[in-house]
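Shown next, in structure tokens, is the structure this report addresses.
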Amino acid sequence: MKLRRLLAPVVTAAALIAVAAPTASADVIINATNSHHCSAGLCLFYNSNQQGAFHAFSSSVSSFANGTTFNRIGTTSAGYGQGVWNNAASAAWWDTSSPCDGCTYIGYNHARVYYNSNYMGAWDQVDRGYGGNLQSTYNENASLYMW
């Protein structure tokens, strides 16, 4: 009986910690192909399925909080002028065909979009020649590492 009274608060505390702890997202390699032709490097899009305004990247960015905005595809496109930080829903990296025949070569073959700044946390990887919807970092993205 005494043991049960001693263990009850411990079990309750452990259950509360398990409920309060955020679930970790799995890291994902995006390898879908579709029809958007982003010719300037890796493009992150405001909407899913490579829709809305986008920003083209040709190098790593340690934090999208630096003011990086969706600035391509006209001022009436969804997301135009919005910050990329925690707003990207999809990505694409190819030019004239898929996978990547004739892609603009910027010296990199892989890119990872990270959940946190400074290339930390869960990530989605997009290799040159592919694209798709972000999964681990969908509207929760803070940095981009290219190699």
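No lab work stands behind these numbers, since they all come straight from the coordinates. Here the structure is a predicted model, which is why all the values come from computation and not from measurement. FYI the Cβ positions are ideal-geometry reconstructions off the backbone, even for glycines, and counts take in every protein chain you see.
For this structure, a couple of remarks:
- Residues THR76 and TRP147, FRET efficiency given R0 of 30 Å [Cβ-Cβ distance, rounded to 0.05]: 0.30
- Computed extension gain for ALA65 through ALA26, at 0.36 nm per residue and net of the alpha carbon distance, reaches 11.7 nm.
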